[in-house]
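Read the structure below first, then the notes.
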Amino acid sequence: MQRNKRLLLGISGGIAAYKCAELVRRLKEQQIDVKVVMTESAKHFITPLTMQAVSGEIVSDSLLDPQAEASMGHIEFAKWA
């Protein structure tokens, strides 16, 4: 059984961040699953809602979520990828 390729995309606060929506759209066209993690600074250039719309996944903005049960997002992302 072959699964889709997976990509974890980290977006930081730089002017090129706006290009990530097009990148994710093209990756999805090639049947690649994409999850997005954004820094707070990245949100000044592109919104999490935009990235959620193109990726089809919830966008994370923190790897250490105190509300999450395990609160170890970096490990969960590694397992997913």
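Each value in this text was obtained by applying a stated rule to the coordinates, not by laboratory testing. These figures come from a predicted structure and were not determined experimentally. As a convention, Cβ positions derive from the backbone with ideal geometry for all residues, glycine included, and neighbour counts pool all protein chains shown.
Looking at Ala42, Ala16, which is the one that is closer than 19 Å to His74 by Cα and in a helix (DSSP H, G or I)? Even if it seems obvious, please write down each step before you answer.
Working: Ala16 fails: closer than 19 Å to His74 by Cα.
Residue meeting the stated conditions: Ala42.
Inside the range 3-36, can you point out the residues that are closer than 15 Å to Leu49 by Cβ and in contact (Cβ under 8 Å) with a residue 40 or more places away in the chain?
Passing the criteria: only Ile11.
Working only within the range 31-62, note down all residues that are surrounded by 15 or more Cβ atoms within 10 Å (Cβ to Cβ), more than 22 Å from Arg3 (Cβ to Cβ) and either small (Gly, Ala, Ser) or more than 10 Å from the chain's Cα centre (by Cα) (or both).
Thr39, Ala42, Lys43, Phe45, Ile46, Thr50
How many of the residues in the range 3-40 are of a type in the set (D, E, K, R) and in contact with a helix residue (DSSP H, G or I) (Cβ under 6 Å, 6 or more places away or on another chain)?
Of the range 3-40, the ones of a type in the set (D, E, K, R) are 3, 5-6, 19, 22, 25-26, 28-29, 33, 35, 40.
Subset that is in contact with a helix residue (DSSP H, G or I) (Cβ under 6 Å, 6 or more places away or on another chain): 25.
Matching residues across the range 3-40 total 1.
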